[in-house]
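Colleague: One structure is given below, represented as structure tokens, and several questions about it will come after.
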Amino acid sequence: MTDFAPVKELIKDVPGWLSDEEGEALYELARECAGRGVIVEIGSWKGKSTICLGLGSRAGHGIRIFAVDPHADYRHGEFKDNIERAGIADLVTPVKGFSQEVVDGFEEAIELLFVDGSHEEDDVREDFDKWVPKVVEGGVVAFHDTTWHDGVRRVVAEKIYGSRQFKDVRFVIGSTTVARKVSENSLRDRLHARRVQATKAVFGAVTSVLKQKRGWLPSPVERAGRRVFKLVGR
């Protein structure tokens, strides 16, 4: 049994759009945080990704997590219950409000930033421009929904895949792009990022076609996409 297996079991009934690979990636990224900054999650909903981050942090150095979300009443009760059930309430600080509204007052350095907020391009761009500068050198940025949502995909294509400020760029099956912030990357880093971007594009195209075909269920679509991703990504 892997370290993530108990987490996967815990979150299986928590609503949310997170593949197993994405959940495990968040868990591992949080576990690797050394304490040079906090963990920030933009967009928590009912706590599925928060649990992955929290239990990863618990398995590592116990880094604090700030969960930024409107936390509307009908959501906050379930979010709170799920966080408490996972045993991470002491690590998680809910920050109520839209990410664009609370960012100016957020003064903590960030070691891991996970963005899963508004998908509108202007909002994604503002999240990037205002939150990423708070990430420490060598810290990690992860954006969800970079496969099928145009606004997120365009911003990440420009500011991560086409940037000189990130290395170790990778795509996690589902829709998450992960990258490490640096002062300046190398040509090799940029070529690697472009290759990952091309692989992600193939994955997105294939799964989009399959989703439009009647009779395909989500699980076969995911399995087919995973097969393509593994073949192209070698």
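The values are calculated or read from the model by the stated rules, or taken from the named source; none is laboratory data. Computed from a prediction, not measured in an experiment: that's the story for all the values here. Cβ placement follows ideal geometry from the backbone for every residue including glycine, while neighbour counts extend to all protein chains displayed. For accessibility, only protein heavy atoms count, side chains too; no ligands or nucleic acids. Shrake-Rupley method; radii C 1.70, N 1.55, O 1.52, S 1.80 Å.
Colleague: Across the range 131-148, what is the total count of residues that are part of a loop (DSSP other than H, G, I, E, B) and either within 14 Å of the chain's Cα centre (by Cα) or more than 22 Å from G23 (Cβ to Cβ) (or both)?
Modeller: Total meeting the criteria: 4.
Colleague: Among the listed residues G60, G77, identify the single one that is among the small types (G, A, S) and either in contact with a strand residue (DSSP E or B) (Cβ under 9 Å, 6 or more places away or on another chain) or over 28 Å from V169 (Cα atoms) (or both).
Modeller: G77
Colleague: Within the range 135-144, take every residue that is over 15 Å from A67 (Cβ atoms) and in contact (Cβ under 8 Å) with a residue 60 or more places away in the chain and give me the one that is surrounded by the most Cβ atoms within 10 Å (Cβ to Cβ).
Modeller: Step by step, filter the range 135-144, then rank; the result is V140.
Colleague: Of the residues in the range 149-180, how many are part of a strand (DSSP E or B), surrounded by fewer than 19 Cβ atoms within 10 Å (Cβ to Cβ) and touching a Lys or Arg at 6+ places or on another chain (Cβ under 8 Å)?
Modeller: Here the count works out to 2.
Colleague: Now for a different question. Exactly one of these conditions fails for L29: (1) in contact with a strand residue (DSSP E or B) (Cβ under 8 Å, 6 or more places away or on another chain); (2) open to solvent by 50 Å² or more (accessible area, probe 1.4 Å). Give me its number.
Modeller: Against the list (1) in contact with a strand residue (DSSP E or B) (Cβ under 8 Å, 6 or more places away or on another chain); (2) open to solvent by 50 Å² or more (accessible area, probe 1.4 Å), L29 comes up short only on (2).
Colleague: Does the range 37-58 include one or more residues that are surrounded by fewer than 17 Cβ atoms within 10 Å (Cβ to Cβ), out of contact with any Leu (no Cβ under 7 Å at 6 or more places or on another chain) and over 18 Å from G117 (Cβ atoms)?
Modeller: Checking the range 37-58: not a single residue is surrounded by fewer than 17 Cβ atoms within 10 Å (Cβ to Cβ), out of contact with any Leu (no Cβ under 7 Å at 6 or more places or on another chain) and over 18 Å from G117 (Cβ atoms).
Colleague: Got a sec? Which of D20, D3, D13, D116 is out of contact with any strand residue (DSSP E or B) (no Cβ under 9 Å at 6 or more places or on another chain) and either buried (at least 19 other Cβ atoms within 10 Å of the Cβ) or in contact (Cβ under 8 Å) with a residue 40 or more places away in the chain (or both)?
Modeller: Testing whether each residue is out of contact with any strand residue (DSSP E or B) (no Cβ under 9 Å at 6 or more places or on another chain) and either buried (at least 19 other Cβ atoms within 10 Å of the Cβ) or in contact (Cβ under 8 Å) with a residue 40 or more places away in the chain (or both) leaves just D3.
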